[in-house]
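Q: This is the structure I want to talk about, given as structure tokens.
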Amino acid sequence: MNAVYLAQDPTLADFGKDPWWLVLIKVAFAFVVAVLATLLGVWFERRVVGRMAVRPGPNQAGPFGLLQTLADGLKMAFKEDILPKAADKVVFFFAPTISVVCAVTALSVVPFGPMVSIFGHHTPLQVTDVPVAVLVLLACSSMGIYGIVLGGWASGSTYPLLGGLRSTAQMISYEVAMGLSIVAVFMTAGTMSTSGIVAAQGDATQLTIFGTEVPAPGWYAILLLPSFIIFFISTVGETNRAPFDLPEAESELVAGYMTEYSSLKFALFMLSEYVAMVTMSAVTTTLFLGGWRAPWPITLWEGANSGWWPMLWFFGKVIALVFVFVWLRGTLPRLRYDQFMRFGWKVLLPINLVWILVLAGLRSIEDWQTRDRLLATAIGAGVLLLATLLWPSRKPKPKPSLQEQANSRPHGSFPLPPMDLQVPPSPRTKRVVAEREPANVAAGSDSREV
């Protein structure tokens, strides 16, 4: 086949036709991506945070310190595996495995590239795809939390249990916002297939301005900017990354759900965290950043989206998003738990609902005439502006003065200092001074200065 076929977007009909050995190659590739994501992700994070903190970071083991993560992995493997006495042995063992399996499974429906030729077989650069592939991603993200919750519960200790409970509340809060932000993608793309969503972002959106067709960017990160921002914030909360790393807050819970874990079990939890970070970056790239398609101005080259080149653009976008994860960790302090929950329920969720309502209204008037569309949009914007201006606001109660607060204190309260900050002379001091005998004594004839 020629390059035109290789640049073709895969469809659902292109899956399920690969021989068994090609399927194994794809599965092994996804697993290698997950393992390398952990090895290079830890190194990348330590180097970037070191750069932000004006220190070198790992630079001794191997060139640029690349073998430092491998040395850390070998160190964890040879450490003593400690099993707490009060732990549930079976659940304690399988909890980190659940997190790793769910994080790696999500990569199976992520498209890494278009149709390519592998040993003479034309196949999409994706393990598999289904009509509801995005729901598979959400399911894997939700199931991965079970590993954290079960790990915290099975440890038989207080700090891990608190970390597991925090993770449960965190997942419930931010999974809702994440799911609602993807609804906008479904409405725009018209499909839940990951390969179909990437294909939908391939064609530029045509906007009609005063009768002239103007091409607009096809990336949903631009067309659906509120959904993109909310989705990425939710992914940071879902992956327990700073500033939302409350399930493992070392300043409060020592290490949270991982406190009692050691050796390879601890390494599996760390593996699941970094794989989840890379997986969610890949999902964000697929849903909002055009997937494997080259960004402008690389698209001016006709062969940019052909062959194996798209894999380079895909992993470039993923690395850029991973950098944002690390950037947030090195910049923002950890939120308080009440701030974190309030942000999810009272900020992200209402904004998402209003945005979906607005987007549904815009989609429903697409077939109207230009004049009618502009009129409907202007009326909606005017109503929203009036509602914003006339919405009753809570006026805070006037704060009582210090004297009023002092007068309202119950009888017998602890005495207060004077409000004017001037301490009056003590009556007892006056009385003692008044009753004091004169200190002047007549000097005798034999007195002399010393």
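The values are calculated or read from the model by the stated rules, or taken from the named source; none is laboratory data. Note that the structure is predicted; figures quoted are calculated from it, not measured. Virtual Cβ from ideal backbone geometry, glycine too; neighbours counted across all protein chains shown. Side chains included, ligands, DNA and RNA excluded: accessible areas come from the protein's heavy atoms. Shrake-Rupley method; radii C 1.70, N 1.55, O 1.52, S 1.80 Å.
Q: Against the conditions (1) in contact (Cβ under 8 Å) with a residue 40 or more places away in the chain; (2) farther than 26 Å from L74 by Cα, where does V254 fall short? Just the number, please.
A: Only one criterion in (1) in contact (Cβ under 8 Å) with a residue 40 or more places away in the chain; (2) farther than 26 Å from L74 by Cα is unmet by V254, namely (2).
Q: Let me ask something additional. Need the failing condition index for S157 against (1) open to solvent by 10 Å² or more (accessible area, probe 1.4 Å); (2) under 18 Å from the mean Cα position of the chain (by Cα), just the number.
A: The failed condition is (2).
Q: Still on this model: Can you pull out every residue in the range 233-259 that is of a type outside the set (A, V, I, L, M, F, W, C), in contact with a Phe, Trp or Tyr (Cβ under 8 Å, 6 or more places away or on another chain) and open to solvent by 20 Å² or more (accessible area, probe 1.4 Å)?
A: Passing the criteria: E248, T259.
Q: Listed residues A13, A71, A28, A34; which is of a type in the set (G, A, S) and touching a residue at least 12 places away in the same chain (Cβ under 8 Å)?
A: The conditions single out A34.
Q: Does the range 88-124 hold any residues that are open to solvent by 20 Å² or more (accessible area, probe 1.4 Å) and farther than 29 Å from S167 by Cβ, and which are they?
A: Hits for the range 88-124 are S117, I118, F119, G120, H121, H122.
Q: Now for a different question. Please name all residue pairs, on different chains or six or more residues apart, with Cβ atoms under 6 Å, provided the first residue is in the range 362-389 and is closer than 22 Å to L223 by Cα and modelled with pLDDT under 75 and the second residue is in a helix (DSSP H, G or I) and not charged (D, E, K, R).
A: I365/A376
Q: Follow-up. Taking the stated definitions as given, is V358 of a type in the set (V, I, T) and over 32 Å from the mean Cα position of the chain (by Cα)? Quick ask: steps written out before the conclusion?
A: Numbers: of a type in the set (V, I, T): yes; over 32 Å from the mean Cα position of the chain (by Cα): no.
No.
Q: So, in the range 26-75, exactly how many residues are open to solvent by 80 Å² or more (accessible area, probe 1.4 Å) and under 30 Å from V109 (Cβ atoms)?
A: Number satisfying all stated conditions: 4.
Q: Looking at (1) in a helix (DSSP H, G or I); (2) touching a helix residue (DSSP H, G or I) at 6+ places or on another chain (Cβ under 8 Å); (3) open to solvent by less than 30 Å² (accessible area, probe 1.4 Å), can you tell me which one L22 breaks?
A: Only one criterion is unmet by L22, namely (2).
Q: I'd like the residue in the range 286-308 that is within 29 Å of the chain's Cα centre (by Cα) and under 27 Å from F119 (Cβ atoms) and, out of all such residues, is most open to solvent (accessible area, probe 1.4 Å).
A: Among those residues, the one meeting the criterion is R293.
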